[in-house]
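The block underneath contains the structure these notes are about, expressed in structure tokens.
Please treat every number below as a calculation from the coordinates, not as lab data. Not measured: the values here are computed from a predicted model. All Cβ positions, glycine included, derive from the backbone under ideal geometry; neighbour counts span all protein chains shown.
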Amino acid sequence: MFRKSSKRSEARLEFACLSAAWISLTFFYRELTLRDVSLSPMKTEVERKDMKSKLLRQILAAGALLAGPALAAVQPNVTPDPPLPDTQIAQTVQRDLLKYANFTVFDDLSFKVQNGRLTLFGEVTEPFKKADIEKIAAKVPGATGVTDEIQVLPFSDMDNLLRSRIAVSIYHDPSLARYRAGTNSPIHIIVDNGGVTLKGAVYTQADKEDAGLLASSVAPIVNNLQVVNPPSR
């Protein structure tokens, strides 16, 4: 508190000095102008105006030199906010991406945060999804930049048919019924030119194996499902 008061006092003092100097310069200019008119009656009007203009420029330059330190003294000493930790940024990214309405079981996303910079990974079925997700990530507080490595899957009627058939096989099976709830079903079916990969997460090894068997009854697949602990109730 004492330090802040001291700085304010110094700023007021510098402004007081500046004001006094400016008044002195103004009177000095006025006196020289009157003296020029009275002592140099033989000078032409053009010469007198030219002398006044030069003198005024000199006074303004001197005033600017005096104003610099005074204005600098009153500039606030702003300390930038510390960067947010990567864990906090990651939580916000995950929350915001889960709200994205166009994300389906046929898309898959992951990301990493390193020193505030986001890198996006995964596959989506439409180009606009890639653009939307990058915009969402760029607006996350604390993010210093976004690298978008999301792949847009090629359009294919055959791939679309595979997606639909595998989704029905998995999500209509009674053993995996609990994964149908909600808009963000955790088992993702990624189809790329006929190649099928299961991504996402399930709660047990048995669920992973069941999903793999159901999907492979439609087409050969790669089962990359992760087993995680179920959420606490």
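Annotations
- Counted by Cβ distance under 10 Å from residue 179, the other residues give a net charge of 0, where Lys and Arg count +1 and Asp and Glu count -1.
- For the stretch 86-152, dividing the convex hull volume of the Cα atoms by the residue count gives 69 Å³ per residue.
- Charge dipole (debye, nearest 20) of the stretch 93-225; +1 at Cβ of Lys and Arg, -1 at Cβ of Asp and Glu: 440 debye
- Taking Cβ atoms as reference points and 10 Å as the exclusive limit, the residues near residue 199 contribute a net charge of -3, counting Lys and Arg as +1 and Asp and Glu as -1.
- Dipole size of the stretch 157-227 about its Cα centre, with +1 on Lys/Arg Cβ and -1 on Asp/Glu Cβ: approximately 160 debye, rounded to the nearest 20.
- Working from label points 7 Å from Cα in the Cα-to-Cβ sense, the residue 155 to residue 110 distance is 2.9 nm.
- Other residues whose C-beta falls under 11 angstrom from the C-beta of residue 188 contribute a net charge of -1, scoring Lys and Arg +1 and Asp and Glu -1.
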